[in-house]
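Report on the structure given below.
The values are calculated or read from the model by the stated rules, or taken from the named source; none is laboratory data. If you're wondering where the values come from, they're calculated on a predicted model, not measured in any experiment. Every residue, glycine among them, receives a Cβ derived from its backbone with ideal geometry; neighbour counts consider all protein chains shown.
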Amino acid sequence: MADSDPTSSPTAKAAEPRGTPVAAGADTDAGGDTDAEVDAKGRSEEITSLEGIPALSLDAISSVAYGPQAMLVVLATAGAGALGKIEPITVAIVVLLVILVFSYRQVIAAYPDGGGCYAVSKANLGRRPSLLAGASLIVDYVLTVAVSISAGVAALVSAFPTLEPDSLALALGILAVLTALNLRGLATSARALLVPTAVFIAGMYLVIVTGLLRQQPASGSGIHEAAVPAATAAVGVLLILKAFAAGCSALTGVEAIANDVPVFRQPRARRAMRTEVLLGALLGTMLLGLSILTVRFHVAPQTSQTVLSQLTGASVGRGALYYVIDLSTTAILAIAANTSFGGLPVLASLLARDNLLPHVFGLRGDRPVYRYGVGVLALLAAALLVAVDADTNALIPLFAIGVFTGFTLSQTGLVRHWVHERPRGWRARAALNGLGAAMTAVATVIFVVTKFSSGAWIVIIAIPAIIALFSRVDRYYRDVAVELGIGETPPAPRPEPSLVVVPVAAVSRMTSAALSKAMSLGDEVAAVSVQFDDKAAASLQDEWDRWGPGVPLTILHSASRSVTKPMLEYLRSPKLRARSSVLVLIPEVEPRKWRHQLLQNQRGTILANVLRRRSDVTVARMAFHLEKE
């Protein structure tokens, strides 16, 4: 019953002005904790600037494992000589990264409640672009989980081929572990992932520095220096743009920090901006360093070995250090999904606050964690992994379209923001964001055109479908608000003669407690029992008469052993339909331990659900707590 928070009802939410924050404590279902305890738990689950890297930045950091390779695969179509173009293309990508980092620093400062491109689009571009931004982010978050985990499993299988038949099971196992960690809180997952993140980053810089100091690949690496032939095909503008768009997959995840500012400790905006800059510095230097090594060692894409694996071998050799770095790469790819677990639940809570998703996504537990967002993300990612059998190649064509759509919308929204607000230096800021919007829009178009037949059409269908879902949910809450008369002055409340009906199964202490509660709630109380045979009915009536609680007992007979059908017929009888107010109070045993719920007959739950759906009576459930052992 912890989830029956009043703010989850259409009434409570519809009464809020659209876009206003929920009142303090209104979005928690902590269940019994004092405000001080809830605040203390909340602070313990907030993250620092450094913890923001493993919590919210692993998607971007881990992309160095596949971003450069994506560029090389495209350039290789023009011959080995074209592979050298990776350096200027990487410089262009890093320039875009710098623009995005500074842009999202501005987003964090202007919209510290989180939401990223959704918040920017909503404030500056209007309703439809904001819906597009929200839908794009949801698609991106789900794909990030599936792609990251499947890529991590693929790297592991490359090292241990005997695990290939168990790829899907391994992927689902990793997903289950990440889900469990995030249900315990984002800070818990961030601290658990801090060490593997540090090992991966240190390993990447070791590869880059060692490689830059080498004039030729390490012995035993399998890479031999050779003359670079001229391009066997012209490296045209379209190929360069296609390689640029492919390499931009390394920028996915840059927006996650701006989406999740509320999870940082105070001062939240300042800490989030520090994390954004740190992410940009790490990602930019690693991309540049790896591109230089790619040209220096003449690395080309291979089917049996990743580009990053080749660069690692060329820099540090094939000894123990190689395997440490390779396994850390596997680990970081697998756990990069943590970025989505930090981002989607917060985004879903904002969408729920705006009546675009069910309000249950705005509820938090005592950690506090948006556990419904975490759970739905895990289910969607699991379904996607099962659908493609954890095959990374089947997911890559879908990747990055959603996030680059968000990039474009956030940059465009910030241009509108600066033009409207006109702070000091607004022209330079607007120009910077305008350039970023143009670059990300070009990348988005190239993604859609070049990957449409490879599966991008699924994303193009999924995003409008999610927008349609937003509209349906919003329409429902609007209709409920009209029905409830939200915003209107209701008539003055007045008391009505009321009848409280108490379903009973036997004479017991729980029955006595329920009748006592019913007497305090209504003017008249009636006890009703559904019996399946005459002998049991007569026995109950005799026991009731001997007890003499002062409440009449009506026994309903059910030959079909159904409890709900006789109760519905009783409540629909002319005598009860003539009553203006009827309350059915259903007493239930509250077990000592949660697992004992499986031992209950669940008749109270079934009866309550049927009465709510098929009658106009008021239904209440009373928990009878068993004494502790």
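Just one of the listed residues (Val386, Val369, Val376) is assigned by TED's automatic domain parsing to the domain that holds Ala245 and outside any helix (DSSP H, G or I), namely Val369. Look at segment 502-521: where a residue is of a type in the set (Gly, Ala, Ser) and a partner is surrounded by 15 or more Cβ atoms within 10 Å (Cβ to Cβ) and in a loop (DSSP other than H, G, I, E, B), sitting 6+ places away or on another chain with Cβ atoms under 9 Å, you get Ser512/Pro549; Ala514/Val504; Ala518/Val551.
Report yes if Thr450 is surrounded by 15 or more Cβ atoms within 10 Å (Cβ to Cβ), in contact with a Lys or Arg (Cβ under 9 Å, 6 or more places away or on another chain), in a helix (DSSP H, G or I) and at pLDDT below 90, otherwise no. Against the criterion (surrounded by 15 or more Cβ atoms within 10 Å (Cβ to Cβ), in contact with a Lys or Arg (Cβ under 9 Å, 6 or more places away or on another chain), in a helix (DSSP H, G or I) and at pLDDT below 90), Thr450 qualifies. Filtering segment 158-175 down to residues that are part of a helix (DSSP H, G or I) and without any contact (Cβ under 8 Å) to a residue 60 or more places away in the chain, which residue is nearest to the chain's Cα centre (by Cα)? Going through the qualifying residues, I end up with Gly173. Checking Val346, Val324 one by one, the residue that is within 18 Å of Asn182 (Cβ to Cβ) and assigned to a helix (DSSP H, G or I) is Val346 and no other.
This table checks each residue for (1) touching a residue at least 40 places away in the same chain (Cβ under 8 Å); (2) farther than 24 Å from Tyr111 by Cα.
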residue	(1), (2)
Phe407	yes, no
Glu421	no, no
Ile446	yes, yes
Ser454	yes, yes
Val459	yes, yes
Ala462	yes, yes
Asp479	no, yes
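Of the residues making up segment 254-295, those that are at pLDDT 90 or above and charged (D, E, K, R) are Arg270, Arg271, Arg274, Glu276.
Taken together, Ala559, Ala536, Ala518, Ala513 contain a single residue that is in a loop (DSSP other than H, G, I, E, B), more than 19 Å from Arg614 (Cα to Cα) and not hydroxyl-bearing (Ser, Thr, Tyr), which is Ala559. Within segment 227-248, if we keep just the residues that are surrounded by 19 or more Cβ atoms within 10 Å (Cβ to Cβ) and more than 30 Å from Gln216 (Cβ to Cβ), the residue that is modelled with the highest pLDDT turns out to be Cys248. When Val442, Val403 are checked against the criterion of being within 23 Å of Ser454 (Cα to Cα) and surrounded by fewer than 19 Cβ atoms within 10 Å (Cβ to Cβ), Val442 stands alone in meeting it.
Filtered by the rule that a residue be over 44 Å from the mean Cα position of the chain (by Cα) and either polar (S, T, N, Q) or in a loop (DSSP other than H, G, I, E, B) (or both), segment 562-577 gives Arg572, Ser573. Within segment 578-609, the set of residues being basic (Lys, Arg), exposed (fewer than 13 other Cβ atoms within 10 Å of the Cβ) and either at positive phi or assigned to a helix (DSSP H, G or I) (or both) comprises just one member, Arg595.
Out of curiosity, is Val619 in a strand (DSSP E or B) and over 36 Å from the mean Cα position of the chain (by Cα)? Considered against the rule, which asks whether it is in a strand (DSSP E or B) and over 36 Å from the mean Cα position of the chain (by Cα), Val619 comes out as no. Of the helices (runs of 4 or more DSSP H) that lie entirely inside segment 67-157, those containing 2 or more residues that are under 21 Å from Val277 (Cα atoms) and touching a residue at least 40 places away in the same chain (Cβ under 8 Å) span 86-110, 117-124. Report yes if some residue within segment 258-265 is surrounded by fewer than 24 Cβ atoms within 10 Å (Cβ to Cβ) and farther than 18 Å from Tyr111 by Cα; otherwise report no. No.
The residue pairs whose first member lies in segment 297-313 and is under 15 Å from Leu206 (Cβ atoms) and touching a residue at least 40 places away in the same chain (Cβ under 8 Å), whose second member is among the hydroxyl-bearing types (Ser, Thr, Tyr) and not in a loop (DSSP other than H, G, I, E, B), and whose beta carbons are closer than 6 Å, counting only pairs six or more residues apart or on different chains, are Thr312/Tyr322; Gly313/Tyr322. Being in contact with a strand residue (DSSP E or B) (Cβ under 8 Å, 6 or more places away or on another chain), farther than 25 Å from Ala76 by Cα and surrounded by fewer than 21 Cβ atoms within 10 Å (Cβ to Cβ) is a condition met by no residue of segment 339-362.
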